[in-house]
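Coordinate-derived values only; no laboratory data. Remember, it's a predicted structure, so these values are computed and weren't measured experimentally. Neighbour counts run over all protein chains shown; Cβ positions are idealised from the backbone, glycine included.
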Amino acid sequence: MTADQFHRSHPICDLLGINLTHPRFLLDHIDLGQRQHTTCRGDFVKLKEWGLSVVMCKGGPAQYDGNFAGLWKSQPEWREGRPDPEPMFLSGSIKSPTQLVLAVLDRFLGDVEAHPDKVLLVHRAADLDRARAQDKLALLMGANRSDWFGDSPGVLRMFARLGLRMITLGQSGRELGYDASDEVRSGGRMTTLGLRMIREMNRAGILIDLAHTNEVCALDIIENSASPVIDSHSNPQVLEPSPRNTSDAVMKALAARGGLLGIMPPISRPAGEQPYQGVPADQLARTIGYLRYAVDLMGVEGVGIGTHFNSAVFPYLTEGLLDAGFSEADAALILGGNYLRLLRQVLPA
């Protein structure tokens, strides 16, 4: 069976597929609804061509000043965007993290609203079925970090009303409620405020993402969340030693509570982010090794794929899994079925 045949028969999901804080989007305002044939970065058209059914798109508090904008155009990853993109902000005044997240997500929602023939934004579990019935790409909107909603349940609820469906709780250091992987001196467990906000995310139907949290904090979140949680883009720490990756203890705890680890394929983008002409055999083999280890430890129901904004590798991953001896049923769970099961548990009905 070819990857194309497999993708026509089974839903394919990327736990982390579009980077909404990339300068190509925030500075040049690339139109995500138009096919960009010169880059391996995903857009609505190419994601569908690669066989994707469901994609998480994640933003966060990001801002680029004029100095960076000038440097960006000299980088090999730069592609020409819209001829006269609207600036995200009209002055140089200092922005709060909440303003930054709102501006980033507004830009994304504008592209979604401009292309209703191609995509459907998922607010509720039923939208997953609507998108498939209408042959549209189902998009979920996520955000990075937690400092932008801080200690306000109301701010969190307002973003949920806008359609926010995942939060990666930390990125680096200590935030109000949670500790990232590079913060180990504190002891790591959630604060009382963090526990309160976890419960609010559960009530609001927001998927909790452990990526970047340290082991102690991750285990605490798994234990206290009323809904299953995910680690959207990490690899087994025993195979790729780094505090940023996921320990066996966290992997087992995730699986025991119905959660999901999104393996992040260690496949390098081509120079200058040109389109893929193939992937290195050793990198594909390493990815399959990570997947096999996770399946052996967690069970096949606990494993998915979070490419970290590299969805173009999915056709190669599909063929790699099948060539490595994974059954069609198990490959279908890893490549999308497990994520859909979890989303139906967490999202509003």
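Distance between the 7 Å Cα→Cβ label points at Asp4 and Glu77: 3.0 nm.
Under the convention that each Lys and Arg Cβ holds +1 and each Asp and Glu Cβ holds -1, the size of the dipole of the chain around its Cα centre is about 640 debye. Here the Karplus curve 6.51 cos²θ - 1.76 cosθ + 1.60, taken at θ = phi - 60°, turns the phi angles of segment 56-64 into couplings of 7, 10, 10, x, x, x, 9, 8, 10 Hz, with x standing for Gly and Pro. For segment 3-346, report the translational diffusion coefficient in µm²/s to the nearest whole number, using Stokes-Einstein at 20 °C, 1.002 mPa s, and a Kirkwood Rh over Cα pairs. Reported coefficient: 106 µm²/s. Lysine pairs in segment 3-346 whose alpha-carbon atoms fall under 17 angstrom of each other, counting only those eight or more residues apart or on distinct chains, come to 5. Mean-square fluctuations from a GNM of the chain, with a 10 angstrom spring cutoff on Cα atoms, peak among Phe326, Phe89, Phe108 at Phe89. Other residues within the sphere of radius under 9 Å centred on the Cβ of Ser186, judged by their own Cβ, net out at +1 (K and R +1, D and E -1). Ordering Phe159, Ala312, Leu128 by Cα displacement along the dipole of segment 3-346 toward the positive end leaves Phe159 in first place; charges were set at the Cβ atoms of Lys, Arg (+1) and Asp, Glu (-1). Working from label points 7 Å from Cα in the Cα-to-Cβ sense, the Gln274 to Gln134 distance is 3.8 nm.
Each of Leu169, Leu26 was scored by other Cβ atoms within 10 Å of its Cβ. Listed from fewest to most, they are Leu26, Leu169.
Length available on full extension from Ala349 to Ala126: 0.36 nm per residue minus the Cα-Cα distance, which gives 79.6 nm. Listed values for segment 193-201 are Karplus-derived 3J(HN,Hα) couplings in whole Hz (6.51 cos²θ - 1.76 cosθ + 1.60, θ = phi - 60°), namely 4, x, 4, 4, 6, 4, 5, 5, 4, and x replaces Gly and Pro. Along segment 319-327 the Karplus relation, 6.51 cos²θ - 1.76 cosθ + 1.60 evaluated at θ = phi - 60°, assigns HN-Hα couplings of 5, x, 4, 5, 5, 7, x, 5, 5 Hz to successive residues, with x for each Gly and Pro. Amide H contacts for Ile12 (H built 1.01 Å from N in the peptide plane; partners 5 or more residues away or on another chain; cut-off under 5 Å): Ser53, Val54.
Rounded to the nearest 500, the 222 nm mean residue ellipticity of the chain from helices alone is -11000 deg cm²/dmol, with -39,500 (n - 2.57) taken per DSSP H run of at least 4 residues. Comparing mean-square fluctuations of Gly59, Gly320, Gly304 from a GNM of the chain with C-alpha springs under 10 Å, the top value falls on Gly320.
Taking all C-alpha pairs of segment 291-349, those more than 16 Å from each other amount to 46 percent.
Taking amide hydrogens as placed 1.01 Å from N in the peptide plane, the amide H of Gly304 sits under 5 Å from those of Leu261, Gly262, Ile263, each at least 5 positions away in sequence or on another chain.
In segment 243-326, taking the dipole from charged Cβ atoms about the Cα centre, the farthest positive-side position among Ala255, Gln274, Ala294 is held by Ala255. Taking other C-beta atoms within 10 angstrom as a stand-in for reagent exposure, Ile198, Ile222 fall in the order Ile222, Ile198, fewest first.
Comparing mean-square fluctuations of Gly306, Gly81, Gly336 from a GNM of the chain with C-alpha springs under 10 Å, the top value falls on Gly81.
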